[in-house]
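Every number here is computed from the coordinates shown, using simple stated rules; none is lab data. Here the structure is a predicted model, which is why all the values come from computation and not from measurement. All Cβ positions, glycine included, derive from the backbone under ideal geometry; neighbour counts span all protein chains shown.
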Amino acid sequence: MSEFTINAGISNTHKEHGLKKPEINQNPAAEAKVIEKEASRESSLQWQKVESKDKKGTDLQLAVDTVKISSTTVTAPQAVKAAAPALDLRKNLKDKFTGMLEKTYANIFHHNRLVAKVAEWMVGNIMERLALLGMDPTELASLKDKVREDLVFQNKVAFSQVVYDEAMLEIVA
C-alpha cells in the first residue's frame, strides 16, 4: 500500500484505525533522554554518596549494612541438555555428504557433458570431505558400486516399460 496522505493529516496506513499520522520529533536529544528514563530500572538496593578518603570526589556505598540475595535454580529440559556433541556432528556431516555423493555420482553418467564434468568435480570434493571425516576407501567404493547398481536397475525398469508399451500399442493398433 502506498503512503498517500489526505488533507486531514491521516495517512493510508493509519486511516483504518482513525489514528493521526505520527509526528516526527525534531529534537532527538530530548527523545533520547525520555528513552533512557523509561529504560532505566530501579533496584531495591539503596545507594548513597560518600566522600572519598583517598581520592578527590565521592564514592557510592550501599545504604544498607547487609544485602540478602536469593538464587533460583532452573533445570533445562532433557532435550536442551543433550546438545549435539562433536561425535553427532561428525555423524550428521558424514550422512549428509554420503547422500550428496549418491545423488551427484549418478550425474557422472549424464548425457550432458557439462553436467557430467561438474558432477565429477563435485564427487572428488565430496569424497575428499568424507575421507577427512574418517570414511574408509572401501566404504567409498561400495557407495559408488551401490549407485551404479541402482542406475542399472533403473535402466532395466525403463527398458521393460518401453517393451510393455510397444506390446500394448501392437494390441490396440
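Label-to-label distance for Lys103 and Met168 is 3.1 nm, based on points extended 7 Å past Cα in the beta-carbon direction. Can you give me the C-alpha center-to-center distance between segment 89-110 and segment 121-173, rounded to a whole angstrom? Centre-to-centre distance over Cα atoms comes out at 13 Å. The local environment of Thr98, defined by Cβ-Cβ distances under 11 Å, has a net charge of +3 under the rule Lys, Arg +1 and Asp, Glu -1. For segment 84-172, rounded, prolate or oblate, judged on the Cα gyration tensor with a ≥ b ≥ c (square roots of eigenvalues), a/c < 1.5 rounded, else prolate if a/b > b/c? The shape class here is prolate. Cβ crowding within 10 Å ranks Thr98, Thr73 as Thr73, Thr98, fewest other Cβ atoms first.
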